[in-house]
Each structure stands twice: as C-alpha cells, then as structure tokens.
Amino acid sequence: MNNDNFTLEKNALGTRIQELRQKVINPINKKPISQEELGLIANVTKKTIGEIERGETNPKFETLLMISKGLNITIKELFNF
C-alpha cells in the first residue's frame, strides 16, 4: 500500500469530526461547540481533539468511541466519510 501512514484516512476522519462538531450547538451561546467543549464532553483533552481534527495522530478506538458519544452519534456515523 502506498499510504503507509494512512494520511488521507486520518485527514478525512479529522475533517468529519470537525464537521460534526460544528453541527452541535452550545445552548448557552448558540454557537457550535469548541474543541475544548467537545473534549470536556468526551473526556479527552482539547489538544487531542485538535490533533485528531488536523490528522496528526492515530487515535485509539476508545477515544473515537468517547468522541462519537460526545457528539451523540454512533461510531458507524463517525466513519461515514
């Protein structure tokens, strides 16, 4: 396989998470939730959310499960890109 580091897939996943995060509206300020807010909901750091969204890391499956739960979607929906 020419894509040993799965760069395209990591970038696609990151873009998908960012798109889904932008659809979740904070009821207090009526704006999309931030990386920090998603991190708090999903019990991961803002840094981790940012790294995943930029395609810079290989997140653990458990982390992706926590993010999908934080976004109130299934893991299958998370990978729908």
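Over 15 Å, how big is the tail of the calculated P(r) for segment 1-58, in percent of all Cα pairs? All intermediate terms of the calculation are to be shown ahead of the outcome.
On the way: 835 of 1653 pairs.
The share of Cα pairs beyond 15 Å in segment 1-58 comes to 51 percent.
Count of lysine pairs in segment 1-47 with Cα atoms under 18 Å apart, counting only pairs 8 or more residues apart in sequence or on different chains? Could the numbers behind the result be given before it?
Working: LYS10/LYS46; LYS10/LYS47; LYS23/LYS31; LYS23/LYS46; LYS31/LYS46.
Eligible lysine pairs with Cα atoms under 18 Å apart amount to 5.
Label 7 Å along Cα→Cβ of LYS23; segment 42-73 residues with amide nitrogen under 14 Å?
Under cut-off, by backbone N: 68-73.
Computed from the coordinates by the stated procedures, all read-outs in this text should not be read as laboratory data. Computed from a prediction, not measured in an experiment: that's the story for all the values here. Backbone-built Cβ (ideal geometry, glycine too); neighbour counts: all protein chains shown.
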